[in-house]
Amino acid sequence: MADNKSFKWFSNARCAISLTYDDGIGSQFLNAVPQLGRYGIKGTFFPSTWGLTNPENREKWKKIAADGHEIGCHTLHHPCSDSFDFVKKGYSLQEYTIDRMEKEINDNIETIRGFGYKEKELVFAYPCGQTAVGPRLSVSYKPLIEKMFIAARGTFSGYAKPGEFPQYEAPCFGVEEDGQGLINIVKEAEKTGSWAIILFHGVGGDYISVTAEAHETLLKYLKGNKDVWTARFGDAARYIKENV
Ligand SMILES: [Zn+2]
């Protein structure tokens, strides 16, 4: 296990921050993407279901890929436990096998490649943070993810300390904070030399939302901040893997 004290962040920053956006929902196109562009910050998108496959979004994803954002895999059908009422009939994790998951993820990758997304190493985010399939959710699909991706984001809440967190289930902060609350997450990462992965859903709309103003307040804090390395999820994961 790495000696955390000797670990140095890229460019002598005190910490790393990754901004991740799940499900490919409308308010992200409307508010988050233009703001990221204005502040010159790159994010990581984990689109799924209609947000990913809606033909109307195709040009938007092509532009997001061309602009240098990361597009990760979050499956095509967003399978979660059948205990969630939003899970589509026939698409609960209880009804999945490893083979079915592998096929779906391969289709997911093909879809993303169809947007012109060229990054060689890909990243994954577990739908609902759940990592197992089968009638009793007893078969882990993490080994499949380890085979196919460079890193994966879970949904456990907390900071990722280099050398200590699981590369294939990195923790994050699912946020509904105001601007100051978002900045406070970053400040704590600075204090502890950690990687803070922020998980956004709605930005100025949709669900589990922050306001567009809160999102912009965070970007203002991050822009040009030499103490904070704002990195795409895969870039930070790769850097940690190579440097711990
Ligand atoms: Zn999701």
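Please list the three semi-axes, largest first and in whole Å, of the ellipsoid equivalent to the chain, using sqrt of 5 times the eigenvalues of its alpha carbon gyration tensor.
Each semi-axis is the square root of five times an eigenvalue, giving 27, 22, 17 Å.
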*Mind listing the lone cysteines of the chain, meaning no other Cys beta-carbon sits under 4.7 Å from theirs?*
Cys15, Cys73, Cys172
*asked:* For the ranges 78-90, 48-60, what's the packing order if you count other beta-carbon atoms within 10 Å of each residue, average per peptide, and put the highest first?
replied: 48-60, 78-90
*How large is the charge dipole for the chain, taken about the Cα centre, if only the Cβ atoms of Lys, Arg (+1) and Asp, Glu (-1) carry charge, to the nearest 20 debye?*
680
*asked:* Within 11 Å, Cβ to Cβ, of Asn12, how many net charges do the neighbouring residues add up to if Lys/Arg are +1 and Asp/Glu are -1?
replied: +2
*If one takes the longest principal axis of the Cα atoms in the chain, at what angle in degrees, from 0 to 90 and to the nearest 10, does the Cα axis of helix 98-113 lie?*
60
*For region 9-22, just list the computed ³J(HN,Hα) in residue order, Karplus coefficients 6.51, -1.76 and 1.60, θ = phi - 60°, integers in Hz, with x standing in for Gly and Pro.*
6, 3, 6, 6, 5, 8, 6, 10, 10, 10, 9, 10, 10, 9
*Excluding Leu30 itself, what net charge comes from residues whose Cβ is under 15 Å from its Cβ, given Lys and Arg +1 and Asp and Glu -1?*
-3
*What are the residues whose amide H is under 5 Å from the amide H of Arg153, where those residues sit 5 or more places off or on another chain and H is modelled from the backbone?*
Phe124, Ala125, Tyr126, Ala170
_Under the rule of at least 5 residues apart or a separate chain, name every residue whose amide H is placed under 5 Å from the amide H of Thr230._
Ile17
*5 angstrom amide H check on Asp23, placed H, neighbours 5+ away*: Phe46, Ser48
*Relative packing of 228-236, 156-164, which averages over residues the other C-beta atoms within 10 Å, highest first*: 228-236, 156-164
*By average Cβ neighbour count within 10 Å, what is the ranking of 26-35, 217-226 from highest down?*
26-35, 217-226
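Where a number appears in this text, it was derived from the coordinates with a stated rule and is not lab data. Since this is a predicted model, take the numbers as computed values, not measurements. When we count neighbours, we look across all protein chains shown, and the Cβ atoms used for this are built from the backbone with ideal geometry, even at glycine.
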